[in-house]
Amino acid sequence: AQSVTQLGSHVSVSEGALVLLRCNYSSSVPPYLFWYVQYPNQGLQLLLKYTSAATLVKGINGFEAEFKKSETSFHLTKPSAHMSDAAEYFCAVSDGGNFGNEKLTFGTGTRLTIIP
Amino acid sequence: EAGVAQSPRYKIIEKRQSVAFWCNPISGHATLYWYQQILGQGPKLLIQFQNNGVVDDSQLPKDRFSAERLKGVDSTLKIQPAKLEDSAVYLCASSISGGRTYEQYFGPGTRLTVT
């Protein structure tokens, strides 16, 4: 069974500061890993994904994440926070599944607040 | 390209009543998912369809929840009778099967309040 742990349900950073959201995973097979963002009253939007290619993955809005197998981590970072980054962030893991069967298991989320 | 459409956006019902949610996936997406997102938690998969067949419904409370995807396009999720603990946002997502893109596209969700 696969699972995801997001450390810190709430994170606050100052505008312009580094954003670091932590995610650790557990999977019995090589994982596929994702970060999604959810703005208030909206669905989830994919930020970036790791599917066994480069370990440093770049996504939209200046976010990136690094897959570290030895640490079973996939932390999300952004060098300089912007007010528009305030949202809920979810890490998710998939075992890749069978052809056309990409089941995702989500973490409990981290609410990011940006301090002006 | 139109995104995943869901309706209604909000619904308030009393316990023991029934309710239905509708989802229209992105055109050409063969796989459709329904998730339940309880406040303060991540989305939990309820059911997954591949075309009009069920791939995974292991976490669907089948005594009160049902879902169908007729003709492999639109889908409806029904709750009958509703309980207080069913209050949540119900998210529909779709993905391409065949391209192995592994990206699921989410709709805006339906927020259900059971009183």
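The values are calculated or read from the model by the stated rules, or taken from the named source; none is laboratory data. Values in this document were obtained by computation on a predicted structure and should not be read as measured data. With ideal geometry, Cβ positions are generated from the backbone for all residues, glycine too; neighbour counts draw on all protein chains shown.
Taken over the stretch A:1-56, the residue count meeting the criterion of being out of contact with any strand residue (DSSP E or B) (no Cβ under 8 Å at 6 or more places or on another chain) and hydroxyl-bearing (S, T, Y) is 1. Where strands (runs of 3 or more DSSP E) fall wholly inside the stretch B:1-111, the ranges with 2 or more residues that are aliphatic (A, V, I, L, M) are B:10-13, B:19-24, B:44-50, B:53-56, B:75-79, B:88-95.
Screening the candidates A:L76, A:L21, A:L46 for the property of being surrounded by 14 or more Cβ atoms within 10 Å (Cβ to Cβ), without any contact (Cβ under 8 Å) to a residue 40 or more places away in the chain and under 22 Å from B:P43 (Cβ atoms) yields one hit, A:L46.
Inside the stretch B:56-86, can you point out the residues that are crowded, with 17+ Cβ neighbours inside 10 Å and over 14 Å from the mean Cα position of the chain (by Cα)? Across the stretch B:56-86, the qualifying residue is only B:A82.
If you go through the stretch A:12-46 and keep only what is aliphatic (A, V, I, L, M) and at pLDDT below 95, you end up with A:V29, A:L33, A:L44, A:L46.
Restricting attention to the stretch A:91-110, the residues being modelled with pLDDT of 75 or more, over 15 Å from A:S28 (Cβ atoms) and more than 12 Å from the chain's Cα centre (by Cα) number 1. Restricting to the stretch A:2-46, name every residue that is within 14 Å of chain B (Cβ to nearest Cβ) and on the phi > 0 side of the Ramachandran plot. Residues satisfying the conditions are A:G8, A:N41.
A Cβ distance below 7 Å, combined with a sequence gap of six or more or placement on separate chains, defines the contacts here; from the stretch B:45-73, residues that are under 15 Å from B:H29 (Cα atoms) reach residues that are surrounded by fewer than 14 Cβ atoms within 10 Å (Cβ to Cβ) in the pairs B:N52/B:L70; B:N52/B:K71.
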